[in-house]
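Working notes, beginning with the structure itself.
Just so you know, all these numbers are worked out from the coordinates, no wet-lab data involved. Note that the structure is predicted; figures quoted are calculated from it, not measured. Note: ideal-geometry Cβ built from the backbone for every residue, glycine included; neighbour counts use all protein chains shown.
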Amino acid sequence: MNWTPWQYLKLKCPINREALKETLDGGQAFRWKWMEEEDCWEGIWGTTVARLKHATDDRLQISLPKALEAKAEIGDYLKIGTDWQQIIDQLPWRSDEILKTSISAFQGLRILKQPFGETLLAFLCSATKQIPQIKIMCENLAQTHGEEIVEGYHALPSWQRLSNATETELRKLGLGFRAKNIKRTADILADSPERLSTIESLPYAEAKEELMQLPGVGEKIADCALLFGAEKLDAFPVDTWILKSLQNRYGLHDWNAKQLTHFGRIHFGEYAGLAQQFLFSWERSES
DNA sequence: AGGCAGGTGGCCA
DNA sequence: TGGCCACCTGCC
């Protein structure tokens with residue numbers, strides 16, 4: 001396939017190599033892969049295909065398939081115009097050494113704005129699975145049910161399309177018990193096409209409550225979909241890594257996930273979700 | 001070979 | 001409300 005020449009992106013905040021890797025392939029998104037030969041990341045979201053390269057001075061370059069050149073929406077997806085430094089400054093790093101350390105390790109780490117519907121789909125796949133497995137499930141879903149964008153590159157299927165598949169078909173893609181939830185959610189969303197965009201426009205608390213009406217969507221998956229797919233930066237997903245971090249590094253040994261979700265939102269504030277991502281990346285890199 | 005992994009929902013006290 | 005367990009599958 002033909003790709004356009006590399007072009008610099010106008011990044012408000014620079015991003016280091018490690019932070020880029022964490023942003024694209026650290027559990028927010030599941031459709032980026034490292035291209036060793038090209039020394040770049042290649043990813044798909046919505047109906048966009050793109051390559052990203054880490055350049056000197058922590059800048060970024062982008063290249064697109066020539067056939068899709070006009071379709072680039074990388075700015076929104078990567079939130080390149082957002083002043084992340086200003087947001088970080090509002091986190092309690094001054095009084096929180098752990099947070100301070102993880103922020104300095106991942107300079108430029110950011111929260112993506114992925115398409116809401118496919119973020120929900122990816123996280124419905126995520127239950128008790130590790131990142132490589134989730135990526136395989138997403139790839140299988142795209143290959144078998146998703147629309148082809150350019151040769152060999154498939155979008156994730158819409159909920160409408162997914163509702164045409166049977167649970168048995170979905171199970172064959174390695175989804176396991178997640179297939180039932182995905183099928184049932186697809187049937188619901190296909191019946192009310194406006195529902196997701198309505199949810200996306202609600203404030204965090206109401207959006208979460210609405211999302212959790214869907215089968216297979218509990219607190220954690222709802223928080224992930226809202227943080228990574230709807231710009232609700234006050235969402236604070238508690239997974240096993242954050243659980244470990246808060247229990248061991250913050251000394252909250254007897255706290256359960258529900259209590260820690262509350263703690264996170266109180267302690268880290270309006271941008272708790274960004275703090276979560278720093279702690280998450282730090283915890284994983286230290287393990 | 002058995003336990004566990006970025007959870008959820010149902011059942012029981 | 002709070003704790004426990006089954007649920008698919010692949011990987012160590």
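Taking strands (runs of 3 or more DSSP E) as the structural unit, no element lying wholly within segment A:1-115 holds at least 3 residues that are touching a residue at least 12 places away in the same chain (Cβ under 8 Å), buried (at least 19 other Cβ atoms within 10 Å of the Cβ) and among the basic types (Lys, Arg).
Out of A:Ala207, A:Ala222, A:Ala186, I need the residue that is part of a helix (DSSP H, G or I), more than 16 Å from DNA strand C (Cβ to nearest atom), buried (at least 18 other Cβ atoms within 10 Å of the Cβ) and without any contact (Cβ under 8 Å) to a residue 24 or more places away in the chain. Which one? Of A:Ala207, A:Ala222, A:Ala186, the one residue that is part of a helix (DSSP H, G or I), more than 16 Å from DNA strand C (Cβ to nearest atom), buried (at least 18 other Cβ atoms within 10 Å of the Cβ) and without any contact (Cβ under 8 Å) to a residue 24 or more places away in the chain is A:Ala222. When A:Arg171 is tested against (1) away from DNA strand B (no atom under 16 Å from the Cβ); (2) surrounded by 15 or more Cβ atoms within 10 Å (Cβ to Cβ); (3) outside any loop (DSSP other than H, G, I, E, B); (4) over 17 Å from the mean Cα position of the chain (by Cα), just one condition goes unmet, and that condition is (1).
Return a yes/no flag: does segment A:237-258 have any residue that is more than 29 Å from A:Ile136 (Cα to Cα) and either under 16 Å from the mean Cα position of the chain (by Cα) or crowded, with 20+ Cβ neighbours inside 10 Å (or both). Checked segment A:237-258: at least one residue is more than 29 Å from A:Ile136 (Cα to Cα) and either under 16 Å from the mean Cα position of the chain (by Cα) or crowded, with 20+ Cβ neighbours inside 10 Å (or both). For segment A:125-147, a residue qualifies if it is near DNA strand C (Cβ under 8 Å from one of its atoms), among the hydrophobic types (A, V, I, L, M, F, W, C) and either part of a helix (DSSP H, G or I) or more than 19 Å from A:Pro215 (Cα to Cα) (or both), and exactly one does: A:Ile136.
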